[in-house]
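Structure first, commentary second.
The values are calculated or read from the model by the stated rules, or taken from the named source; none is laboratory data. Everything numeric here is computed off the predicted structure, so don't read it as measured data. In this analysis, Cβ positions are derived from the backbone assuming ideal geometry, glycine residues included, and neighbour counts consider all displayed protein chains. The accessibility values were calculated without ligands, DNA or RNA, using every heavy atom of the protein model including side chains. Shrake-Rupley method; radii C 1.70, N 1.55, O 1.52, S 1.80 Å.
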Amino acid sequence: MNNELIIEIDNLTVDYPTDNEPVRALDRVDLKICQHDFICVLGPSGCGKSTLLNVIAGFTQPSDGTFLMHGQPVAGPDRQRGVVFQSASLYPWMSVRKNVEFGPKIKGLPATEITRIASHYLEQVHLLEVADQPPFQLSGGMKQRVALARALANEPAILLLDEPFGALDALTRIHMQQLVRKIWQQDQNTIFMITHDVDEALSLGTRLLVMSKCPGTIIQEFSVDFCDRAIDEHTGRVHVDADYLALREEILDLIDV
Ligand SMILES: Nc1ncnc2c1ncn2[C@@H]1O[C@H](COP(=O)(O)OP(=O)(O)OP(=O)(O)O)[C@@H](O)[C@H]1O
């Protein structure tokens, strides 16, 4: 497997200015992300998970420390980092296909290539049959699949998912998890995902990062392989065994739920 280093974060601190004292959201975070890592970030509410994702996305600049991508500082957002948020925020005036074509079009690719890329990712998320519909005609889960296809169509070096399934019902959520796992396994993507759901993290991630209360720092990392070693062929769900349950308890204790 290719273990190329993609992201290197050293001593990262983020302070948000306020009318009074600045709020320290992240405190001296160190993190390396390599090709094909599937990182899941867990931690109490307000511990700085989104701030960390926003720094990696290029939306927020560090107050101190360094953040390098492929060895270079990052000035702002670009197509190297695809982001999917909890709410799909699609362009409502464009069809599903046009939403997915948007990135490749901005990139200036030839029309045939734009069509090919959009069809490929729409097929991957099982949405080719609704490609010509406007987003408002889709269910919440379908909208999230469009958002995923739109992010993937830029072929980013890393996919950043900020609670992408948080607003979905339980069954749709499981289907989305299966889909993301399959895409990650097939295409060898690199994924950084925030979740509040320990089971979701255990069933998807290869590295689970647990953060402390605000100001956030990474207090523990777990390397896991449940998604590789124990997926039920028929249901696509992870087989829950004693190791899984023990780790689940340990993480919940750390988060102090
Ligand atoms: N723009 C801002 N200005 C001031 N403080 C902010 C700003 N954004 C976030 N914060 C504060 O920074 C801290 C970390 O926030 P952040 O949203 O990164 O946490 P989180 O772990 O993602 O939270 P949640 O799990 O509730 O989504 C919190 O104390 C929050 O109130």
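What pairs come out if I take residues in the stretch 118-135 that are at pLDDT 95 or above and open to solvent by 30 Å² or more (accessible area, probe 1.4 Å) and pair them with residues that are part of a loop (DSSP other than H, G, I, E, B) and of a type outside the set (A, V, I, L, M) whose C-beta lies under 8 Å away, six or more apart or interchain?
Listed by first residue and then by second, the contacts come to Asp132/Ser95; Gln133/Ser95; Pro134/Pro92; Pro134/Trp93; Pro134/Ser95.
Report whether or not Gly71 is away from the ligand (no atom under 16 Å from the Cβ) and under 24 Å from Gln178 (Cα atoms). Quick ask: steps written out before the conclusion?
Values: away from the ligand (no atom under 16 Å from the Cβ): yes; under 24 Å from Gln178 (Cα atoms): no.
For Gly71, the condition - away from the ligand (no atom under 16 Å from the Cβ) and under 24 Å from Gln178 (Cα atoms) - is not met.
Being among the acidic types (Asp, Glu) and crowded, with 16+ Cβ neighbours inside 10 Å is the filter; apply it to the stretch 12-54 and report the residue that is nearest to the ligand (Cβ to nearest atom).
Step one: list which residues in the stretch 12-54 are among the acidic types (Asp, Glu), which gives 15, 19, 21, 27, 30, 37.
Subsequent filtering for residues that are crowded, with 16+ Cβ neighbours inside 10 Å retains 15, 27, 37.
Numbers: Asp15: 9, Asp27: 11, Asp37: 20 Å.
For the stretch 12-54, the residue satisfying everything is Asp15.
Can you name the condition, by its number, that Leu90 falls short on among (1) part of a strand (DSSP E or B); (2) among the aliphatic types (A, V, I, L, M); (3) more than 16 Å from the ligand (Cβ to nearest atom)?
Of the numbered conditions (1) part of a strand (DSSP E or B); (2) among the aliphatic types (A, V, I, L, M); (3) more than 16 Å from the ligand (Cβ to nearest atom), the odd one out for Leu90 is (1).
For the stretch 198-219, name all the residues that are away from the ligand (no atom under 16 Å from the Cβ), open to solvent by 20 Å² or more (accessible area, probe 1.4 Å) and not β-branched (Val, Ile, Thr). Step through it out loud before you land on a result.
Residues of the stretch 198-219 that are away from the ligand (no atom under 16 Å from the Cβ), as a first pass: 199, 202-207.
This time we only want the ones that are open to solvent by 20 Å² or more (accessible area, probe 1.4 Å), so: 199, 206-207.
Result: Asp199, Arg207.
Going by what's in this entry, would Val84 be described as open to solvent by less than 10 Å² (accessible area, probe 1.4 Å), within 16 Å of the ligand (Cβ to nearest atom) and more than 21 Å from Arg24 (Cα to Cα)?
Criteria met by Val84.
Residue by residue through the stretch 176-197, note down the ones that are acidic (Asp, Glu) and within 16 Å of the ligand (Cβ to nearest atom). Break it down stepwise before answering.
Step one: filter the stretch 176-197 for residues acidic (Asp, Glu), giving 187, 197.
Within the stretch 176-197, Asp197 is the sole residue that qualifies.
Got a sec? Which of Asp187, Asp225 is surrounded by fewer than 18 Cβ atoms within 10 Å (Cβ to Cβ) and touching a Ser or Thr at 6+ places or on another chain (Cβ under 9 Å)? Break it down into steps so the answer makes sense when it comes.
Numbers: Asp187 fails: touching a Ser or Thr at 6+ places or on another chain (Cβ under 9 Å).
None of the others qualify; the one that does is Asp225.
Considering each residue of the stretch 27-76, count those that are in contact (Cβ under 8 Å) with a residue 60 or more places away in the chain, farther than 16 Å from Ile194 by Cα and in a loop (DSSP other than H, G, I, E, B), and give that number.
The number of residues fulfilling the criteria is 4.
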